[in-house]
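These notes concern the structure reproduced below.
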Amino acid sequence: MKAAIINQFGEAEELQIMDVSKPKINDQQVLIKVAAAGINPVDTKVRAGTSGMSKIIKLPAILGWDVSGIIEATGKKVTGFNIGDSVFGCIGFPGPGNGYAEFAVADPQLLAKKPYNISFEEAAAAPIVGLTAYQAINEELKITAGQKILIQAAAGGVGHLAVQFAKMNGAYVIGTASDKNERFLKSIGVDQFIDYKKKKFEEIVNGLDAVLDSMGGDVLYRSLSCLKRGGVAVCLPSSTKDDPKAISLAKKYGVKLTWPMMHTDNGQINKIAEMLEHKEVKVFVDKIFIFDQIAWAHKAVETHNTKGKVVVRIN
Ligand SMILES: NC(=O)c1ccc[n+]([C@@H]2O[C@H](COP(=O)([O-])OP(=O)(O)OC[C@H]3O[C@@H](n4cnc5c(N)ncnc54)[C@H](OP(=O)(O)O)[C@@H]3O)[C@@H](O)[C@H]2O)c1
């Protein structure tokens, strides 16, 4: 089968499409004929060798966690999934993924049936950002009706789903992006749009209940000043975890700050599937690349200015 392999950590060009043997499953696993793979910032950081998770990767490696596809084979002890089922999920996380390949092995606990009315590309785009946004809004920030939340990078992969989950809970949502994304953000429910390139958000909003920050550093410091005392903030980039300046500012403002790590959850991936099927949320796919162009898909994510998600079509 064809797979995208890295032999060493480095630039996107390290991703080479090669012929490798088809993986084998054990009794508890399923084999997926991969239709599409979603590309996340974490994929690019692991490939570059700059993520803490790079340490768990044994080279040469096939990367890739977010996939959609069709079940090709099931282990003897697998229940709930059959050959021919269309599925999606975040496979392997937080261990190594193996999704950049024509066939991938998965633990069925990490999968949900693909909604019949969304494409394989949309399904592959959803798992990591869906779980991250869902957990940030519902587990960490516990957003309830009437609360005001500032979502940084609201047009990004995590941001655009966080906006929709916060709106489902009845929140007033302030979202930042550049002007090209204003219409998009309003279309998914943002109540107040702030163009971060032209305006200082901290001079516009204050007394907020919650902040979801996808940036860290200066954006996080300024975001903390927008919270009311007792407000809560989550910051997603793990490279900024435990930033002493942010911790000291959080103390000064009397707010709670955490750096949560996305975790896989069978109930939540199935809930996300249900919400996608019922059109309660929509995952927006910005760019689709063919498998041979996977390095370009990584480069697109590394620009940090994509709207929604980047996906690679594999089979
Ligand atoms: N802790 C975890 O478990 C976890 C899970 C998932 C993701 N993450 C991390 O969270 C971060 C975001 O992930 P993502 O997938 O959402 O990223 P992404 O899709 O690549 O984000 C792109 C978006 O960022 C916006 N942006 C860039 N600079 C901005 C700024 N200064 N202010 C506001 N918006 C800005 C861009 O909007 P414009 O184009 O309009 O500028 C673009 O829409 C990454 O660092 C990722 O590694 C962590």
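Put simply, the amide H of L257, placed in the peptide plane, has neighbours under 5 Å in A233, leaving out anything fewer than 5 places away on its chain.
Among I71, I247, a tally of other beta-carbon atoms within 10 Å of each Cβ gives an order, fewest to most, of I247, I71. DSSP beta bridges fully contained in the chain are about 55 percent antiparallel. In a fully extended conformation the segment linking K180 and N26 would gain 50.7 nm over its present Cα-Cα distance, using 0.36 nm per residue.
Taking the chain as a Gaussian network of alpha-carbon nodes connected by springs under 10 Å, the highest mean-square fluctuation of the residues S54, S187, S238 belongs to S187. Give me the net charge for the shell around S238: Cβ to Cβ below 15 angstrom, other residues only, Lys and Arg +1, Asp and Glu -1. Result for the neighbourhood of S238: -2. Loop-located trypsin sites (Lys or Arg not before Pro) in region 60-115 (DSSP state not H, G, I, E or B) with no more than 14 neighbouring Cβ atoms inside 10 Å: K76, K77. As a proxy for reagent exposure, ranking K200, K142 by other Cβ atoms within 10 Å from fewest up yields K200, K142.
Full extension of the chain segment joining N315 with E139 gains 59.8 nm, where the gain is 0.36 nm per residue of separation less the Cα-Cα distance. In the frame of its principal axes, the chain has Cα extents of 56, 40, 33 Å, reported largest first.
Here is the link list: K55/K252; K186/K307; K142/K167; K142/K228; K22/K76. Which ones come out longer than 24 Å on Cα distance? Cα-Cα > 24 Å for K55/K252; rest within.
So the label point goes 7 Å from the Cα of E13 along Cα→C-beta, right? Which residues of region 293-315 then have their backbone N under 17 Å from it? Once the point is set 7 Å along Cα→Cβ of E13, 293-300 turn out to lie under 17 Å by backbone N, inside region 293-315.
More than 24 angstrom separation, counting every C-alpha pair in region 129-258; what % is that? Tail of the P(r) past 24 Å holds 17 percent of the pairs.
If we count every other residue with Cβ under 15 angstrom of H263's Cβ, Lys/Arg +1 and Asp/Glu -1, where does the sum land? Result for the neighbourhood of H263: -4.
Across region 54-173, the convex hull enclosing all Cα atoms gives 142 Å³ per residue. For the peptides 305-315, 13-23, 252-262, the ranking by mean Cβ contacts within 10 Å, running from highest to lowest, is 305-315, 252-262, 13-23. Within a straight-line Cα-Cα reach of under 15 Å, K287 can be paired with the following aspartates and glutamates, leaving aside sequence neighbours fewer than 8 residues apart in one chain: E121, E122, E302. Sorted fewest first by neighbouring Cβ atoms within 10 angstrom, F103, F284 come out as F284, F103.
In the chain, helical runs assigned H by DSSP with n ≥ 4 each contribute -39500 (n - 2.57); averaged across all residues and rounded to the nearest 500, the mean residue ellipticity at 222 nm is -7000 deg cm²/dmol.
Every number in this text was worked out from the coordinates using simple rules, so none of it is lab data. All figures in this text were calculated on a predicted structure; none of them were measured in a lab. Note: ideal-geometry Cβ built from the backbone for every residue, glycine included; neighbour counts use all protein chains shown.
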